[in-house]
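Working notes for the structure below.
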Amino acid sequence: MTQQLWTDVDRYLTDRLVASDPALDTALRTSAEAGLPEINVAPNQGKLLYLLALASGAERILEIGTLGGYSTIWLGRALPPDGKLVTLEADARHAEIARFNIAAAGLADRIEVIVGPALETLPELAARGEPPFDLSFIDADQAPTAEYFAWSLRLSHLGSLIIVDNVVRAGGVADDDNTEPRVLGMRRFFDELAAEERVAATAVQTVGSKGHDGFVLAVVTGGAN
Ligand code: SAH
Ligand code: DHB
Ligand code: MG
């Protein structure tokens, strides 16, 4: 199995099942032109996020890690007109490009981009009495994933979904010789997730145009799993 084959299959699937959307295409183009790293979710992964939000009837969504707003727009497309998405981004330039792309997608009325390191903006979000979120998507820096998950859980209600991107990183998570901070952070997250009785969770590894990676899907059960 090679990266070329994974990319070819992703193209095959995406050509058939993921209709092109001018606003999403524009978001990728303006992000690339601005020199942002191309670490957005793939189109078929974006559609998976959209479908999870749609299937769960999410009206309030939290995202940690906005980049140019590509996954944000996918998730935002699933919201009803009075829904809300709050997305947290540390880099002011990324946030500026995301705001432009979100406005071009016609979603500025229901998406709020908050600039700052998430470990600072999450407590502010909690302190301002934000109602709980129905779905959280964690896709920022990986070392503090355990903390991001804890905050997402705190900002959730029974039945909320929490999705975590990049939990496999080409197998690094299962390679004992790999001691990169982000890999150690992900292992710490898995240890805490395994011990967390308030959620039911699984993880699935993926291959595709973005390489070999994976995601965690957790449902807040409150202990009744
Ligand atoms: N969700 C996006 C991709 C996000 S890439 C998509 O799929 O389209 C990760 C983003 O997290 C980057 O924009 C990076 O600047 C941001 N980030 C990194 N560290 C962060 C932190 N501590 N707090 C908030 N955002 C952070
Ligand atoms: C990287 C970050 C991501 O969120 C992702 O989906 C892929 C790669 C990175 O930092 O390399
Ligand atoms: Mg990611």
Residue within segment 1-18 that is exposed (fewer than 14 other Cβ atoms within 10 Å of the Cβ) and at pLDDT below 95 present: yes
Name the pairs whose Cβ atoms lie under 8 Å apart, with the first residue in segment 200-217 and touching a residue at least 24 places away in the same chain (Cβ under 8 Å), the second hydroxyl-bearing (S, T, Y) and outside any strand (DSSP E or B), and 6 or more positions between them or separate chains? A200/T221; G208/T7; S209/T7
Restricted to segment 47-69 and to residues being surrounded by 24 or more Cβ atoms within 10 Å (Cβ to Cβ) and not in a loop (DSSP other than H, G, I, E, B), the residue farthest from ligand 1 (Cβ to nearest atom) is A53
Which residues, taken from segment 153-191, are within 16 Å of ligand 2 (Cβ to nearest atom), farther than 25 Å from T221 by Cβ and outside any helix (DSSP H, G or I)? R169, A170, G171, N178, E180
Within segment 19-33, residues part of a loop (DSSP other than H, G, I, E, B) and surrounded by 14 or more Cβ atoms within 10 Å (Cβ to Cβ) come out as D21
Tally of residues being assigned to a helix (DSSP H, G or I) and within 13 Å of ligand 1 (Cβ to nearest atom) across segment 100-137: 10
Does V173 satisfy the condition of being closer than 27 Å to T2 by Cβ, within 16 Å of ligand 1 (Cβ to nearest atom) and surrounded by 15 or more Cβ atoms within 10 Å (Cβ to Cβ)? no
Neighbours by Cβ (under 6 Å, 6+ apart or cross-chain): first from segment 88-107, away from ligand 3 (no atom under 16 Å from the Cβ); second in a loop (DSSP other than H, G, I, E, B): I97/A34; I97/G68; N101/G68; N101/G69; I102/G69; I102/A108
Go over the candidates A194, A150, A201 one by one and state the one that is away from ligand 3 (no atom under 16 Å from the Cβ), assigned to a helix (DSSP H, G or I) and touching a helix residue (DSSP H, G or I) at 6+ places or on another chain (Cβ under 8 Å). A150
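The values are calculated or read from the model by the stated rules, or taken from the named source; none is laboratory data. All of these numbers come straight from a predicted model, not from anything done at the bench. Cβ sites come from the backbone with ideal geometry, for glycine too, and all protein chains shown count toward neighbours.
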